[in-house]
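This report concerns only the one structure given below.
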Amino acid sequence: MRHRTSVAIVGAGPAGLLLGQLLHARGIDFVIVENRSREYALARIRAGVLEQSSVDVLESVGLADNLHERGLVHDGIYLQHEGVRTHIDFRDLVGRTVTVYGQQQVVRDLMAAHDAIGSSVYYEASDVTPSGVETPRPLLTFSHGGESHEVEADFIVGADGFHGVCRTIIPATEISVFERNYECAWLGILADVAPSTDELIYALHPDGFAMHSMRSTTVSRLYLQVEPDDDIANWSDERIWDGLHERLGTPGWTLNEGPITEKSITPMRSSVASTLSYGRLFLVGDAGHIVPPTGAKGLNSAISDVAMLGAAIGEHYDGTSTRLADYSRRALSRQWKTQYFSQWMTDMLHTPSIQTPKDLAAFRYRSQLGQLEFVTGSQHAQQTLAEQYTGLSIE
Ligand code: PHB
């Protein structure tokens, strides 16, 4: 089957689905092709915090009603070291906030919006192959339900994640990838228990980082730093709660336990492609870059890429600007600032791996305490954190 469309989007995660909505709002037609099932995308537990900048983008396309109804607006976060917990008040510091609203919920809202407008979204597609992106007529081929499809498009957008096919079709001579692996991983749990805190707690403890986040008023999300090669089988529920009590504890505060409904270990990595465009192919979100989770920037970066690309594609069809040619440079300029922030948060809050020589680890830990005492004691440092955490502007 042959189709013709303006924009062929590979990937129906939040980035691909949101781009479809932004294009629809500008009257531009598109097709979305995804190799996973709809249920898989809805079941994946991912990020939980939306920057003010991301909320603004979702609002601009009328996709923020549920978010405003069910999302939890947080005025700030807590930073904790050696049992001392300090509130960083973003609203006071920079007049901005963040909203706790799970990526799954964002995806559910986007899927409902696509259902409502009858978008062409092909789930469980196989052999998804972009080609001809150096020519004026790129082609996206795939199989779906036993039928072969060929989509002829003006542009192809890779919203297909870090392991997606789109980045891999860029010739090695035209792209390189800058990477940093961290010496740690996060063990994350979801628990059916009301959060024991009103806002997120990021804690440095001699045993490692711990964090208390949430998904709603009845579901808590908690994390523990573990070694990158650790196995989830080593972590009984009891051991996890013990670790969380130990690392998150402060005098007079109680961490409430509840049934753990999900647990997994995620490695931490920073990675940025040297370009987000090649001919008529554009990369957005994890297809172009990933961050460690510490600053909650993964989903937010995807949303900012898509906002920039959607606007630039719109202007291309209106003939009002040539910003599309500049998309990669602009998105990477914002992305490197975000990478810096995520790395800064990660380095400030994680202890070195157990393989680090003891004297070096002791020095590093004490300098991290110095850093946390400085950040929590300085209005300027708190403002810097707040400006970045709530999201840089999307230009
Ligand atoms: C989460 O709720 O999953 C979460 C929140 C903040 C982070 C990372 C993860 O920095």
What is the number of the single condition among (1) touching a residue at least 40 places away in the same chain (Cβ under 8 Å); (2) within 16 Å of the ligand (Cβ to nearest atom) that Ile170 does not meet?
(2)
Go through segment 77-113 and give me each residue that's touching a helix residue (DSSP H, G or I) at 6+ places or on another chain (Cβ under 6 Å) and over 30 Å from Glu39 (Cα atoms).
Leu79, His81, Thr86, Ile88, Phe90, Leu93, Val94, Arg96, Thr97
It is to be established whether one or more residues within segment 33-45 are within 16 Å of the ligand (Cβ to nearest atom), crowded, with 20+ Cβ neighbours inside 10 Å, under 27 Å from Thr390 (Cβ atoms) and of a type in the set (Val, Ile, Thr).
no
Is there a residue in segment 275-296 that is of a type in the set (Lys, Arg), touching a residue at least 60 places away in the same chain (Cβ under 8 Å) and within 19 Å of Met345 (Cα to Cα)?
no
Could you identify the single residue in Leu299, Leu244 that is among the aliphatic types (A, V, I, L, M), in a helix (DSSP H, G or I), without any contact (Cβ under 8 Å) to a residue 40 or more places away in the chain and within 16 Å of the ligand (Cβ to nearest atom)?
Leu244
When only residues in segment 64-104 that are in a loop (DSSP other than H, G, I, E, B) and either free of Cβ contacts under 8 Å to residues at least 60 places away in the same chain or more than 19 Å from Ala47 (Cα to Cα) (or both) count, which is nearest to the ligand (Cβ to nearest atom)?
Tyr101
Quick one: in segment 46-63, of everything that is assigned to a helix (DSSP H, G or I) and more than 16 Å from the ligand (Cβ to nearest atom), which residue is surrounded by the most Cβ atoms within 10 Å (Cβ to Cβ)?
Leu58
For Thr197, are the conditions met, namely being within 16 Å of the ligand (Cβ to nearest atom) and surrounded by fewer than 20 Cβ atoms within 10 Å (Cβ to Cβ)?
yes
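Each value in this text was obtained by applying a stated rule to the coordinates, not by laboratory testing. Treat the numbers as computed from the prediction; the structure is a model and nothing was measured. Note that each Cβ is placed from the backbone with ideal geometry, even for glycine, and that neighbours are counted across all protein chains shown.
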